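Working notes, structure below.
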Amino acid sequence: MRYALPLTMLLLSLPGHAQQHDPAMHAHTPGMAAPADSRERVHFPDAMVAHTLASMRDHLAALQEIQAALASGHYDHAAEVAEQRLGMSALVLHGAAESSKFMPEGMQAAGSKMHHSASRFAIAARDAGVTGDLAPALKGLAEVTAACVQCHSGYRLR
């Protein structure tokens, strides 16, 4: 079974996963200061900052590749990308053991949540290839991105 709605419409329609948008975060009136960044600063060594930012860019690229694969009906590919680049299998690739030494507990928890969610999504995506039911996979993908949003909303490097 294929869905007629665009993937973005399906993702936005998932209950309980919509994030509130604060227009004030993006509005800037000339002469007015931008709102202060209240996220917790996390201090990493310079080399670890570069490595971590590269890993996060790869996470974002993986999410885009996953969405494109889902939209094309390539559920097994979406699952493989999720597990190898975001899931529990990706921990070594991204040097999680080394970078986690510098993370506050809440940041570590958000990262673990994201990796576990990605592995669960990979299973749901493979299941969608068999059942044709994409809804559980989309719900799983929303859980992955919710963990990303949680971390990026609460923490910033230097």
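Of the helices (runs of 4 or more DSSP H) lying entirely inside the stretch 1-107, those containing at least 2 residues that are modelled with pLDDT under 95 and surrounded by fewer than 16 Cβ atoms within 10 Å (Cβ to Cβ) span 7-13, 46-71, 96-99.
Consider A146 carefully, then state whether it is within 18 Å of the chain's Cα centre (by Cα), under 30 Å from A36 (Cα atoms) and either at pLDDT 95 or above or basic (K, R) (or both). So A146 fits the description; yes.
The values are calculated or read from the model by the stated rules, or taken from the named source; none is laboratory data. A quick note: this is a predicted structure, and the numbers were derived from the prediction, not measured. With ideal geometry, Cβ positions are generated from the backbone for all residues, glycine too; neighbour counts draw on all protein chains shown.
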